[in-house]
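The values are calculated or read from the model by the stated rules, or taken from the named source; none is laboratory data. Model, not experiment: these values are computed from the prediction. Because the Cβ atoms are built from the backbone with ideal geometry, glycine has one as well, and the counts that use them run over all protein chains shown. For the accessible areas, the whole protein counts, side chains as well, though only heavy atoms, and no ligand, DNA or RNA atoms are used. Shrake-Rupley method; radii C 1.70, N 1.55, O 1.52, S 1.80 Å.
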Amino acid sequence: MISIIVIIATIIGLGMIGSAVNEGIQSYSPTAPAPMDPSDPGLESPDSGSTDDSSAEAAPVEGGEVEIGTDVTAAISVTSDTASDTAIGAESTNGEIAVVTMTVKNNSSSDVDMGLTLLSATNGSGATYQEVFDGSQYQGILGFDEPVPAGGEQTYEFAYAVPAAEVDGVELTLSLIEDLGAGTEFTFKKA
């Protein structure tokens, strides 16, 4: 009889834990803004009222490296392309995408883990472009799976649903999980 009561109490306890976990998952709100349709002219990013220093000039995308840490630099290039038929996320632009290639050079004496790094793309007015995923070619933030070796470099490639006419206006924000010695957030745009 006691074992039946213990089993019933265990089942009830597990049910309560499951409910708490489910409630926590449903109330979870990620810190990164949700992807938005850049074709919506009145759409504003939820963080467009950011308290960051808006007078800081964004680094140019083309033509140079930007220091993102002590002895660590990043260079980004952006080109226009068309997504493959298997790509996910470029439907709103009829397959037109901006391909972002980022090369991180690490002149320090230890590897740099880029895991949990975020790279987002906006139109400069607050609307966020949707990431494009395409098998092993464009993997979104999962593309930061390889660390940058000490004394070496690593190239990462991403794609965003950007109409070809808007590629030159793309602004990219690189958000590091850890300060490598120069801050955690860097904005790049075409010069």
Legend entry - Where labels lie 7 Å past Cα in the beta-carbon direction, separation of residue 71 and residue 137 in nm: 3.7 nm
Inset, instruction - Could you tell me the accessible area of residue 141 in Å² (1.4 Å probe, neighbours in place), rounded to the nearest ten? - result: 70 Å²
Inset, instruction - Considering the options 169, 182, 158, tell which one lies farthest towards the positive end of the dipole of segment 145-191, charges being +1 on Lys and Arg and -1 on Asp and Glu at the Cβ, about the Cα centre. - result: 169
Inset, instruction - Under 15 Å from the Cβ of residue 155, count the other residues' Cβ atoms, weight Lys and Arg +1, Asp and Glu -1, and hand me the total. - result: -4
Inset, instruction - Grab the Cα-Cα distance for residue 81 and residue 116, subtract it from 0.36 nm times how many residues apart they are, and report the gain in nm with one decimal. - result: 10.0 nm
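Could you work out the local net charge near residue 73, counting Lys and Arg as +1, Asp and Glu as -1, over the other residues with Cβ closer than 11 Å to its Cβ? Could the numbers behind the result be given before it?
Values: positive: 105; negative: 65, 67, 71, 153.
The answer is -3.
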Legend entry - For segment 100-109, 3J(HN,Hα) per residue [Karplus equation, 6.51 cos²θ - 1.76 cosθ + 1.60, θ = phi - 60°, Hz, x = Gly/Pro]: 10, 10, 10, 10, 10, 9, 10, 9, 7, 8
